[in-house]
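*Asks:* Here's a structure for you.
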Amino acid sequence: MLKLVLPTPKYLDSVKEAIAEYQSHPSPFDIHCINQMIEAEKDNFRTYFHNIDNQRQGIGLPEGHVPNTTLWLIDDEKYIGSFDIRHELNDYLKQNGGHIAYQIIPSARLKGYVKAGLKLTLEYGRKNLGIEKALLTCNFDNIGSYKAMTSVMHECGGEEISPSLVDGHQEHRVWINTQPK
């Protein structure tokens, strides 16, 4: 059964398998995820759990950061990926990053997990954070993410807005309603 959960030690064996998979099949879109998880593994995720709990509560955030909830996508008790939902947008996130960021393990890609995870994350944002419309962005070259984002947008309602140039690359930008049609 597919579900989103707050990160918990219960799934660490599966997460460690995912780290090895990310390292074996790196993608230019996974660099942050891989580095964060490798660092987390060094102290058996103690600092990671502490940091993401603080991020969720808005404690000790670096300047320019907003509160963020990390959720793990789990299927049949196996870690499939991570979805981060930012509780609000600042000027930077309105152009690059939006409300939701995600990564799926390489072996689970192209199997509908991004689309399913996005829907669950949108529901979480509506129910727990009061987000009515979520902005999603992705690198212009990330065709898989773009297709998943626009597919969910067509199902839930929303609009695609003009791409923006951020840090020297173009970003697709899509607003998606969190309340399904």
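*Asks:* Quick check on the stretch 56-72: of everything there that is of a type in the set (A, V, I, L, M) and either more than 14 Å from Val114 (Cβ to Cβ) or open to solvent by 50 Å² or more (accessible area, probe 1.4 Å) (or both), which residue is farthest from the chain's Cα centre (by Cα)?
*Replies:* This residue is Ile59.
*Asks:* Test Asp141 against the criterion of being charged (D, E, K, R), at pLDDT below 95 and on the phi > 0 side of the Ramachandran plot, and give yes or no.
*Replies:* Answer is no for this residue.
*Asks:* Somewhere in the stretch 40-52, is a residue of a type in the set (Asp, Glu), touching a residue at least 24 places away in the same chain (Cβ under 8 Å) and touching a Lys or Arg at 6+ places or on another chain (Cβ under 7 Å)? Spell out how you get there, then give the answer.
*Replies:* Initial filter on the stretch 40-52 (of a type in the set (Asp, Glu)): 41, 43.
Next, only the ones that are touching a residue at least 24 places away in the same chain (Cβ under 8 Å) stay: 41.
If we keep only those that are touching a Lys or Arg at 6+ places or on another chain (Cβ under 7 Å) too, we end up with 41.
Within the stretch 40-52, one or more residues are of a type in the set (Asp, Glu), touching a residue at least 24 places away in the same chain (Cβ under 8 Å) and touching a Lys or Arg at 6+ places or on another chain (Cβ under 7 Å).
*Asks:* Still on this structure: Among the residues of the stretch 107-122, which ones are open to solvent by 30 Å² or more (accessible area, probe 1.4 Å) and closer than 21 Å to Met37 by Cα?
*Replies:* Ser107, Arg109, Tyr113, Val114 - these are the residues of the stretch 107-122 that are open to solvent by 30 Å² or more (accessible area, probe 1.4 Å) and closer than 21 Å to Met37 by Cα.
*Asks:* Looking at the stretch 150-180, which of its residues are under 17 Å from the mean Cα position of the chain (by Cα) and not in a loop (DSSP other than H, G, I, E, B)?
*Replies:* Narrowing the stretch 150-180 to residues under 17 Å from the mean Cα position of the chain (by Cα): 150-153, 171-178.
Scanning the stretch 150-180 gives Thr150, Ser151, Val152, Met153, Glu171, His172, Arg173, Val174, Trp175, Ile176, Asn177.
*Asks:* Could I ask something else about it? Could you give every pair whose Cβ atoms fall below 7 Å, whose first residue belongs to the stretch 136-155 and is over 12 Å from Gly112 (Cα atoms), and whose second residue is surrounded by 16 or more Cβ atoms within 10 Å (Cβ to Cβ) and among the hydroxyl-bearing types (Ser, Thr, Tyr), counting only separations of at least 6 or pairs across chains?
*Replies:* That search, which allows pairs on different chains as well, returns Cys138/Ser145; Cys138/Tyr146.
*Asks:* How many residues, within the stretch 133-149, are outside any strand (DSSP E or B) and under 17 Å from Ile161 (Cα atoms)?
*Replies:* Just the residues of the stretch 133-149 that are outside any strand (DSSP E or B), to begin with: 140-149.
Imposing the further condition that a residue be under 17 Å from Ile161 (Cα atoms) reduces the set to 140-143, 145-149.
Residues meeting the conditions: 9.
*Asks:* Can you tell me how many residues within the stretch 92-117 are in a helix (DSSP H, G or I) and either closer than 19 Å to Glu63 by Cα or not β-branched (Val, Ile, Thr) (or both)?
*Replies:* Of the stretch 92-117, the ones in a helix (DSSP H, G or I) are 92-95, 106-108, 113-117.
From the residues that got through so far, the ones that are either closer than 19 Å to Glu63 by Cα or not β-branched (Val, Ile, Thr) (or both) too are 92-95, 106-108, 113, 115-117.
Result for the stretch 92-117: 11.
*Asks:* Just for the stretch 123-132: of the residues that are charged (D, E, K, R) and either assigned to a helix (DSSP H, G or I) or without any contact (Cβ under 8 Å) to a residue 40 or more places away in the chain (or both), which one is surrounded by the fewest Cβ atoms within 10 Å (Cβ to Cβ)? Spell out how you get there, then give the answer.
*Replies:* Of the residues in the stretch 123-132, the ones charged (D, E, K, R) are 123, 126-127, 132.
Retained after the next criterion (residues that are either assigned to a helix (DSSP H, G or I) or without any contact (Cβ under 8 Å) to a residue 40 or more places away in the chain (or both)): 123, 126-127.
Details: Glu123: 15, Arg126: 17, Lys127: 10.
Taking the candidates together, the pick is Lys127.
*Asks:* Residues in the stretch 145-164 that are open to solvent by 20 Å² or more (accessible area, probe 1.4 Å) and of a type outside the set (Val, Ile, Thr): how many?
*Replies:* 10
*Asks:* Report, by residue number, each residue of the stretch 73-109 that is at positive phi and more than 16 Å from the chain's Cα centre (by Cα).
*Replies:* Residues satisfying the conditions are Asp76, Glu77.
*Asks:* Hey, another quick one. Of the residues in the stretch 4-39, how many are at pLDDT 75 or above and out of contact with any strand residue (DSSP E or B) (no Cβ under 6 Å at 6 or more places or on another chain)? Lay out the reasoning, then the answer.
*Replies:* Kept after step one, since they are at pLDDT 75 or above, are these residues of the stretch 4-39: 4-25.
In the following step, the residues that additionally are out of contact with any strand residue (DSSP E or B) (no Cβ under 6 Å at 6 or more places or on another chain) were identified as 6, 8-10, 12-13, 16-17, 19-25.
Total meeting the criteria: 15.
*Asks:* Continuing with this model, one more query. If we scan the stretch 76-93, do we find a residue that is open to solvent by 10 Å² or more (accessible area, probe 1.4 Å) and under 18 Å from Phe140 (Cα atoms)?
*Replies:* yes
The values are calculated or read from the model by the stated rules, or taken from the named source; none is laboratory data. Being a predicted model, the structure only gives us computed values, none of them experimental. For neighbour counting, all protein chains shown are included, and Cβ atoms are generated from backbone atoms with ideal geometry for every residue, glycine included. The accessibility values were calculated without ligands, DNA or RNA, using every heavy atom of the protein model including side chains. Shrake-Rupley method; radii C 1.70, N 1.55, O 1.52, S 1.80 Å.
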